[in-house]
Structures are given as C-alpha cells and as structure tokens.
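Read the structure below first, then the notes.
The values are calculated or read from the model by the stated rules, or taken from the named source; none is laboratory data. Because the structure is predicted, anything quoted here is derived from the model rather than measured. Cβ placement follows ideal geometry from the backbone for every residue including glycine, while neighbour counts extend to all protein chains displayed. Accessible surface is based on the protein model in full, side chains and every heavy atom, while ligands, DNA and RNA are left aside. Shrake-Rupley method; radii C 1.70, N 1.55, O 1.52, S 1.80 Å.
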Amino acid sequence: SPWLESPVQKCPSLAGAVRADVVIIGGGFTGLSAALSLREAGVDVALVEKDFCGMGASGRNAGHLTPTIGKDFPTMVKTLGKERAVEFARFADRAVRYTEAMIQKLGVDCEYLPTGNIVTGLHPRHRKPLAEGAELAAKLGVELAFLDEAEVRRRNLPGHVRFGMIEKAGGHLHPGKYVMALRQAAIGAGVRIFEDSAVTRIEDSGSPVVVHTAKGSVSADKLVVATNGYTPATLGRMRSKVFPVRVTLFRTQVLTDEQWRRIGWDGREALYTAHEVMENYRPQGDGRISGGSKNVQYGYGSTLTTGYLPEVFAQWHEVFVQRFPEIPDVKIESFWGGWLGLTLDFLPIHQANARGTVFYGIGYNGHGIAQGTYAGPMLADQVLGRPNPEVELFRRRMFPLPPEPLRWMVVKGLLSSLYRIDRKVDADIAQGNI
C-alpha cells in the first residue's frame, strides 16, 4: 500500500510469558480503538500484531469514510423492515461521527475532507434503485438525498456521472496517516504493543485465555479478536460466519491543474458506482486519483489469495480511460490490494463466546474505517460488562456459510451473476446505448 511504510521504530516482538487484563489480536482500526477505550477505563492491555499496526486492511483501503451499511438501504428495508433498517442506518451515521471526533481528538492531519460519498449512476438501470432509495430514506429521516442530472451538472462532477445519491455523512481521508495516529495514541496511552508477533495458537477453554506466538505468550482474563477478513485464514476461526475477498486498488500519477480543470470535480467528493460490484474513485490530497474494487477474488477454503493479477491491472487501465475520457494522458502509477471481511447479511459481527471471555469485532464488508473505529468502545463495553445499545442492535441469528467445496461454488456463482449484470451495463455505456 502506498499509504504507509513500516515504522522507523517498530514495537518489540512478543518474547516470554506476559500477563495482562485483556489481550487484543490485530492492530488495525478496531484493535487500536478498542485498546484506547479500554485504557481510558484503566485496563491493562496487550496487543499482538503479526506485522506492524496498520499493515492489514486499515492501511490498504480506499479511504472512504462512509455510513454505508448492509448491501444498501432499500435492501435492508425489504429484508429487515423499515424500523430496523433505520436503526442500522443511524448506527452507521454515528460510527462516522465517532470517527470524525476521533480524528479531531488525535489532532492528526489525515487529509480528511467531509464531502460525503456519492453513489453514482452511470446507466438508466441505476436510476430507479437510487431514486427510490433516496426517497424512502428521506421519508424515514436517513441522511441520503438523490442528485438529479441538474444537480450533478451544478456540482461539476466527472463526466461519467449521470445522476446519483449522496450519503451526507462522511467523506474521504488518508487511511495510513489515520491508523498510524491511532497506533501512536495507543503507545502513548500505555498499551503494550507487540509487532511481528503472529499468533500460532489460542487457548480459550478456561481462564485465563492464553495467546501464543512463536517466541512468547500473553495470558489474560479476556481476549478481543480484531482481525476482520484475516480471521479464518490466520486464526482458523469464524470460518462459517466471515470470508475474505481480495480487492485491487490503484492510484494515478499526479494530475496537472489543466487535467483537473478538464475533469471538473470541484467539490472533490468521494464516488462509488452503483454497479453490483462497485468501482470507487476519489481525489487524493497530493493531486492524484485513487480507486479500486470492481474485480474481487475469493480463495478456496477462505485462503488469502495472491495479489499479483496482471489481467486485473490491465482491466483497470481500460476502465479508468472509459470513466475519465477527459484525461486519456493520465496513467495509473501503481496497484495494491487487500482483503475484506464479508458476511452473508453484509452486517458486521459483534459477539462474544458463551463464557464471555472472547469478543469479536469483525466483518465490516468494506466499510471498516467508520465501523471498525466505532467498534472500539463497543468492544470495551462488552469486555467491561457495561450495557451498550449498539452491541444489542447486532444480536441476530446468523446462518452459517456452507462448507467447501459448496462455499466456493456459491461465492463464485454469486460473483458470476453480478459480473454478468455489470458487463451488460458497461457494454451499453461503451457502445453509447444509454
């Protein structure tokens, strides 16, 4: 990821036997936020991270701070009912506000622009779900609004945007600067962080819980698992509830003032398309455009798939020229990628084991900046036995993912059907049949 480099001074690797009140596995948004919340309550926290804090999805993502939750708002209304869908939408807004407050509290310049995020319609088939979704949201008091063609022109959005729906809360930021600020805050708060400390085994059948690495162990009363999409592959846990998919991201060379003038995009809003498997785009503070998603990979057995995908990189070169024909002279400079933690109902997992000793905050479905950060106080309250209505909101019956090879067939079949829809849309756009 171009967002961050290895810290000049890493935290030490775990060596020997260590004792703490709480041990956290995973040094991303969730783990660091939970550690900070627990330290505020005077809890002794040890955090183990297999690389360095932020190296995973927290330091690789697209940088959209968004209140998106579930597949989309209209789908949640259909599957959960209006009242519950609104509760989740308002939760997602609160997650964004909490993250904004965290950025301010940290005093970090992570290039945050509170522009909102626009779901962009590129094809007539995108209009009905966006317009009806925005209309329903407005009636229910959710902060979404439809942008018709006139409003899109007024905002001078890039030419591929025909209409859209704006999520008013949130915007976009530099995820590397943000997660590194969380890391520094945790160190300053007295969290004992152990980097380059991959977990090899967990003992949680009794008390205390013991987390083992190659050279040491941490014994604690409670364990917090904050490894999101890495959880099945690296810990062998939650295989039936969360599965990792890899997404590819890119950034362009720095654009000139003239190139920016040709695009427009005066408000520098974050954009993601209304495709079934969306594309995302946003301006960077250094004058580049970054983006990604669209083509995702699932590895058989929930393995972490390879990131070197020349055919995907070639596809992105073609797609970028199609979306931004105003700047055919701008080249994609680099690619990177990472793994999302997906769930069948597109909602995150906030749950504990039956003994109340292991707590999970995972499965953000690509929206982890806000929801992962907000999971921090939610996990802290669970660990401390304090009531938290946000945690209660996510108590639900979860249907398990099928075992392999059925899981691979289901995921591949689902992706294939979604890609067929998107290919038809993209073909119509390329041929001018819209």
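The set of residues in segment 418-434 that are in contact (Cβ under 8 Å) with a residue 12 or more places away in the chain and open to solvent by 40 Å² or more (accessible area, probe 1.4 Å) comprises 419, 421, 429, 430, 434.
Within segment 10-24, is even one residue open to solvent by 20 Å² or more (accessible area, probe 1.4 Å), more than 15 Å from the chain's Cα centre (by Cα) and of a type in the set (Ser, Thr, Tyr)? Checking segment 10-24: at least one residue is open to solvent by 20 Å² or more (accessible area, probe 1.4 Å), more than 15 Å from the chain's Cα centre (by Cα) and of a type in the set (Ser, Thr, Tyr).
Scanning segment 242-272 for residues being open to solvent by 10 Å² or more (accessible area, probe 1.4 Å) and in contact with a Pro (Cβ under 7 Å, 6 or more places away or on another chain) gives a total of 3.
Taking segment 93-139 as the region of interest, how many residues are part of a helix (DSSP H, G or I), open to solvent by less than 70 Å² (accessible area, probe 1.4 Å) and either touching a Cys at 6+ places or on another chain (Cβ under 7 Å) or of a type in the set (D, E, K, R) (or both)? Steps first, answer last, please.
Residues of segment 93-139 part of a helix (DSSP H, G or I): 93-106, 124-139.
Filter once more, keeping what is open to solvent by less than 70 Å² (accessible area, probe 1.4 Å): 93, 95-96, 98-103, 106, 124, 126, 130-131, 133-134, 136-138.
Filter once more, keeping what is either touching a Cys at 6+ places or on another chain (Cβ under 7 Å) or of a type in the set (D, E, K, R) (or both): 93, 100, 103.
Here the count works out to 3.
None of 348, 403, 387, 377 is open to solvent by 50 Å² or more (accessible area, probe 1.4 Å) and closer than 30 Å to residue 99 by Cα except 387.
Going through (1) without any contact (Cβ under 8 Å) to a residue 40 or more places away in the chain; (2) under 20 Å from residue 164 (Cβ atoms); (3) of a type outside the set (Asp, Glu) one by one, residue 261 falls short only on (2).
If you go through segment 273-306 and keep only what is open to solvent by 20 Å² or more (accessible area, probe 1.4 Å) and in contact with a Gly (Cβ under 6 Å, 6 or more places away or on another chain), you end up with 274, 305.
Going through segment 406-417 one residue at a time, which ones are in contact with a Phe, Trp or Tyr (Cβ under 6 Å, 6 or more places away or on another chain) and either open to solvent by 40 Å² or more (accessible area, probe 1.4 Å) or over 24 Å from residue 300 (Cβ atoms) (or both)? 408 - this is the single residue of segment 406-417 that is in contact with a Phe, Trp or Tyr (Cβ under 6 Å, 6 or more places away or on another chain) and either open to solvent by 40 Å² or more (accessible area, probe 1.4 Å) or over 24 Å from residue 300 (Cβ atoms) (or both). Regarding residue 27, is this residue in contact (Cβ under 8 Å) with a residue 40 or more places away in the chain, touching a Cys at 6+ places or on another chain (Cβ under 8 Å) and open to solvent by less than 20 Å² (accessible area, probe 1.4 Å)? Considered against the rule, which asks whether it is in contact (Cβ under 8 Å) with a residue 40 or more places away in the chain, touching a Cys at 6+ places or on another chain (Cβ under 8 Å) and open to solvent by less than 20 Å² (accessible area, probe 1.4 Å), residue 27 comes out as yes. Could you check segment 328-345 and list, in sequence order, the residues that are over 27 Å from residue 400 (Cα atoms) and open to solvent by 60 Å² or more (accessible area, probe 1.4 Å)? Selection gives 328, 329, 331, 333.
Return the total of residues in segment 337-353 being within 15 Å of the chain's Cα centre (by Cα) and part of a strand (DSSP E or B). So that I can check it myself, show each step before the final result.
The initial filter retains those residues of segment 337-353 that are within 15 Å of the chain's Cα centre (by Cα), namely 337-343, 346-349.
This time we only want the ones that are part of a strand (DSSP E or B), so: 337-342, 349.
Residues that pass the stated criteria total 7.
Scanning segment 196-218 for residues that are among the polar types (S, T, N, Q) and in contact (Cβ under 8 Å) with a residue 12 or more places away in the chain returns 197, 200, 207, 213, 217. Residue check: is residue 279 touching a residue at least 40 places away in the same chain (Cβ under 8 Å), of a type outside the set (Phe, Trp, Tyr) and over 17 Å from residue 115 (Cβ atoms)? Spelling it out, residue 279 is indeed touching a residue at least 40 places away in the same chain (Cβ under 8 Å), of a type outside the set (Phe, Trp, Tyr) and over 17 Å from residue 115 (Cβ atoms).
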